[in-house]
1. Carbon and sulfur atoms: what percent of the 1.4 Å accessible area of the chain do they account for?
2. Keeping every protein chain present and rolling a 1.4 Å probe, give me the accessible area per residue for the chain in Å².
3. For the charge dipole of the chain, defined by +1 on Lys and Arg C-beta atoms and -1 on Asp and Glu C-beta atoms about the Cα centroid, which residue among Val83, Ser35, Ala95 has the Cα displaced farthest towards the positive pole?
4. Length gain on complete extension for the stretch Ser3 to Lys96, per 0.36 nm per residue less the alpha carbon to alpha carbon distance?
5. Where does the chain land at 222 nm, in deg cm²/dmol rounded to the nearest 500, when only DSSP H runs of n ≥ 4 count, each adding -39500 (n - 2.57), divided by all residues?
6. So if each residue of separation counts as 0.36 nm, and I subtract the Cα-Cα distance between Leu79 and Asn23, what length gain in nm does that give?
7. Of Met58, Asn26, Met9, whose Cα points farthest to the positive end of the dipole of the chain (charges on the beta-carbon: +1 Lys, Arg; -1 Asp, Glu; origin at the Cα centre)?
8. Looking at the chain, do any whole DSSP H helices span at least 30 angstrom along their long axis by alpha carbon and average -1.0 or above on Kyte-Doolittle, and which?
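The values are calculated or read from the model by the stated rules, or taken from the named source; none is laboratory data. This one's a predicted model, so the numbers in the text were calculated from it and none came from an experiment. Reconstructed Cβ throughout: ideal geometry from the backbone, glycine too, with neighbour counts over all protein chains shown. These area figures cover heavy atoms from the full protein model, side chains too; ligands, DNA and RNA do not enter into them. Shrake-Rupley method; radii C 1.70, N 1.55, O 1.52, S 1.80 Å.
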Amino acid sequence: MLSITTIIMTIGAIFIAIFSLPNLINVLRTKNTASVNLPMYIIFTLACIMFAIYGGGMCGDNNLGGGLPVLISNIFCILIAIVTLTIKFTNLRKAKKARLTELQYWETHQSKTKGGV
């Protein structure tokens, strides 16, 4: 039987994972990361790593039910953050090389891919 704490932790873990998905879908669809706040995403990624370590530690204490939701959801969030940050850093590098802001680079790239100037 699952404890109320484990149930609440599982629901919270699912909410955290769902929170990350819309931004990732938008970034993958548009490749626009100008609105992605880099410091916030780095802190979010570090927090997910720390929570994954915590969840793994809880699993190691013969409390698999308690730690597993934390571990799985945070690994999922880490993967989402890695993909988002990879695209963000790629866009920043390309924009810097073109001597543009990230948004200017994305707007220029969009107009070229849509047949504009």
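1. Exposed carbon and sulfur together represent 72 percent of the surface.
2. Numbers: 7690 Å² over 117 residues.
Heavy-atom SASA per residue in the chain reads 66 Å².
3. Working it through, the farthest residue towards the positive pole turns out to be Ala95.
4. 28.3 nm
5. -29000 deg cm²/dmol
6. Working it through step by step, the gained length comes to 18.9 nm.
7. Asn26
8. What comes out of the filter, once short or polar helices are dropped, is 4-30, 38-60, 64-97.
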